[in-house]
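Just below is one structure, and these are the notes that go with it.
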2 protein chains.
Amino acid sequence: MQTIVLGSAAGGGVPQWNCRCPVCSLAWAGDPRVRPRTQSGLAVSRDGEAWLLVNASPDIRQQIAATPVLHPRSGLRHSPIQAVLLTNGDIDHVAGLFTLRENQRFDLFATAEILGAIAANRVFDVVNPACVARREVQLEATFEPLPGLRATLFPVPGKVPLWLEGADPVIGMVGESTVGVMFEADGRRIAYVPGCARISDDLRQRVDGVDALLFDGTVLEDDDLIRAGVGVKTGWRMGHVPINGANGSIAKLADCHIGQRVFVHINNTNPILVDHSAERRQVEETGWTVAYDGLTLHFATSANLVKGNPE
Amino acid sequence: MQTIVLGSAAGGGVPQWNCRCPVCSLAWAGDPRVRPRTQSGLAVSRDGEAWLLVNASPDIRQQIAATPVLHPRSGLRHSPIQAVLLTNGDIDHVAGLFTLRENQRFDLFATAEILGAIAANRVFDVVNPACVARREVQLEATFEPLPGLRATLFPVPGKVPLWLEGADPVIGMVGESTVGVMFEADGRRIAYVPGCARISDDLRQRVDGVDALLFDGTVLEDDDLIRAGVGVKTGWRMGHVPINGANGSIAKLADCHIGQRVFVHINNTNPILVDHSAERRQVEETGWTVAYDGLTLHFATSANLVKGNPE
């Protein structure tokens, strides 16, 4: 099983079009300490031939161009991208669907709630339903988005997308709005949770023992945006648990057995994006990796599944 | 007045994510004869400080990054982009709105029909109407999207966007679905017409005498896509007049007085995208320029407006 982080930033990317927070300012200036990062997305494959995209960011065209295994390979029209799976309806996870048009066949997997939000907006019909099957997935029901690649959606504390929020949205709700995905193939397990408002006991149990966890690194502290002066919302209000603090992801997941811990979906205001910064070092000292675009994890078949080969 | 071609390709860009037509194949291979091109968009400014985007392509984040005058300049949040004008509702002209979020103020100008299509899809509310005023523009009514920059929308033969097509869409209709824009400032006039199904006498009269015309170069011949084997639609069916032929844009506009003639919105199947190709040479020999991303036209104040300065 392979995963490629196509986009490691949260909505807006790094730099964000209208932002001059300290991290974006370095990025605009071309400072080598801040790599530009595109918006959140992951590619997953069992065999390196057929690929699943988890979420479709607005930057998907640029991400495909930067990723040779996702280029078309044969004939006049082709794509190794055979399926797309959505973990929520946030615009930075669905707007890339508008690029995946041109009558190319693939399967679009999501919960009923997320598919419903898409169906209610006719503009998504540019992804022609006659070519792109919209496949409703039940929580906790394992399915195969690609042959031999098993996936299970599980609910995590979250919220509805910003564009569907009412006057007083419920934060931290557990349901079909925001999900994580557990991938399994050849004895390996990888969990992908790009958005999560709180580390629940359920989540801790689920990710215990995985080969890799790619997890929501949107904010370092709950008040990142407020302190940076660019917004009034806390991480909680946006549906994102902080990295630091007693209830943060580092502390709350410290006791879990996890092969590789990787922060993804990192907001442009987060100082861990600056190479060599104190905040980056502190995070790395706890065993976490800060993802960048193109970060690839490659898992061979689990050793304890290899039989008849004592060497 | 300045214009920058932010994106010179039609929908899908060059290369298109799932295409291996001859032009895209060269682009995927990194052949220097085919520059990668992003999807259709233009930036216009009178003073080089405040900018108007004409259409917002899915590639707008990448286009802003590549265009220093569009980077934020001051404070924590800022953008020189003060207005966006839509010439139709095609996905390659509106999906970039999903990137222009984050509570940044600007004015969104379009006809009532195009604004109606947007209003009917709640997902466009990510561009918060509380920050982004949606301003309805009447055909033929001159307005100022930026101070001192005058714009007039005029109808051209076209069709509704693909995602709003019914079973048997009318092609070549003249109304609010597809418009051209005439810009005027400091005695200069520039016409931008990225989509046009047919060269009407009205269009020929309008563009006669302009300093520059940036015009629909989607297809070289009406059957480009069919000959390339990648589609079944003619240029006409897609709402695009061919470049060549007795009714093509080169022939039909040959008698007009036009300072600079530039093809934009060029589909990936169009062989004029290949540098040094016979097709490119033939087009250039008629006085037309094939646009590339970043092509900048700069017009000083019209000489016949400069008074009291005989030198």
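Worth pointing out:
- Members of segment A:98-111 found to be out of contact with any helix residue (DSSP H, G or I) (no Cβ under 6 Å at 6 or more places or on another chain) and part of a helix (DSSP H, G or I), listed by number: none
- Test: residue in segment A:25-33 that is under 30 Å from residue B:228 (Cα atoms) and of a type in the set (Phe, Trp, Tyr): no
- Residues that are within 14 Å of chain B (Cβ to nearest Cβ), closer than 27 Å to residue A:185 by Cα, in contact with a strand residue (DSSP E or B) (Cβ under 7 Å, 6 or more places away or on another chain) and aromatic (Phe, Trp, Tyr) occur in segment A:91-113; there is at least one.
- Residue B:148 being of a type in the set (Gly, Ala, Ser), touching a helix residue (DSSP H, G or I) at 6+ places or on another chain (Cβ under 9 Å) and away from every other protein chain (no Cβ under 14 Å): no
- Condition check for residue A:263: of a type in the set (Phe, Trp, Tyr), touching a helix residue (DSSP H, G or I) at 6+ places or on another chain (Cβ under 8 Å) and under 23 Å from residue A:140 (Cα atoms): no
- Selection within segment A:98-111 - under 19 Å from the mean Cα position of the chain (by Cα) and closer than 24 Å to residue B:117 by Cβ: A:98, A:99, A:100, A:108
- Of all residues making up segment B:206-231, the number that are under 13 Å from residue B:267 (Cα atoms), part of a loop (DSSP other than H, G, I, E, B) and away from chain A (no Cβ under 14 Å): 7
- Sole exception among (1) more than 25 Å from residue A:268 (Cα to Cα); (2) modelled with pLDDT of 95 or more for residue B:68, by number: (1)
- Listed conditions (1) surrounded by 23 or more Cβ atoms within 10 Å (Cβ to Cβ); (2) over 23 Å from residue A:160 (Cα atoms) are all met by residue A:54, apart from (2).
- For the criterion of being farther than 27 Å from residue A:285 by Cα and either in contact with a Pro (Cβ under 6 Å, 6 or more places away or on another chain) or assigned to a loop (DSSP other than H, G, I, E, B) (or both), residue A:169 passes.
- Residue check, residue A:178 farther than 30 Å from residue B:129 by Cβ and touching a strand residue (DSSP E or B) at 6+ places or on another chain (Cβ under 8 Å): no
- Qualifying residue in segment B:50-58 (condition: within 8 Å of chain A (Cβ to nearest Cβ) and among the small types (Gly, Ala, Ser)): no
- Scanning segment A:112-124 turns up at least one residue that is surrounded by 16 or more Cβ atoms within 10 Å (Cβ to Cβ), under 17 Å from the mean Cα position of the chain (by Cα) and not in a loop (DSSP other than H, G, I, E, B).
- Scanning segment B:273-289 for residues that are β-branched (Val, Ile, Thr) and buried (at least 23 other Cβ atoms within 10 Å of the Cβ) yields a single hit, B:283.
- Residue B:128 in contact (Cβ under 8 Å) with a residue 24 or more places away in the chain and within 14 Å of chain A (Cβ to nearest Cβ): yes
- In segment A:71-90, of all residues being more than 17 Å from the chain's Cα centre (by Cα) and more than 7 Å from chain B (Cβ to nearest Cβ), the one that is surrounded by the most Cβ atoms within 10 Å (Cβ to Cβ) corresponds to A:80.
- Hey, residue B:63 buried (at least 24 other Cβ atoms within 10 Å of the Cβ), more than 9 Å from chain A (Cβ to nearest Cβ) and under 25 Å from residue A:22 (Cα atoms) or not: yes
- Filtered residues of segment A:164-200 (kept if among the charged types (D, E, K, R) and over 20 Å from residue A:261 (Cβ atoms)): A:165, A:168, A:176, A:186
- Yes/no for residue B:225 being in contact (Cβ under 8 Å) with a residue 60 or more places away in the chain and surrounded by 15 or more Cβ atoms within 10 Å (Cβ to Cβ): no
- The C-beta contact set for segment B:244-268 (first residue touching a residue at least 24 places away in the same chain (Cβ under 8 Å), second residue of a type in the set (Lys, Arg), distance under 6 angstrom, 6+ apart or interchain) comprises B:256/B:204.
- For segment B:1-47, taking the residues that are more than 17 Å from residue B:292 (Cβ to Cβ) and away from every other protein chain (no Cβ under 13 Å), the one that is surrounded by the fewest Cβ atoms within 10 Å (Cβ to Cβ) is identified as B:47.
- Residue within segment A:165-178 that is crowded, with 18+ Cβ neighbours inside 10 Å, in contact (Cβ under 8 Å) with a residue 40 or more places away in the chain, within 19 Å of the chain's Cα centre (by Cα) and closer than 29 Å to residue A:296 by Cβ present: yes
- Scanning segment B:127-162 for residues that are part of a loop (DSSP other than H, G, I, E, B), charged (D, E, K, R) and surrounded by fewer than 19 Cβ atoms within 10 Å (Cβ to Cβ) gives a single hit, B:140.
The values are calculated or read from the model by the stated rules, or taken from the named source; none is laboratory data. What you see is a predicted model; the values in this text were computed from it and never measured. Here Cβ is always computed from backbone atoms with ideal geometry, including for glycine, and neighbour counts include all displayed protein chains.
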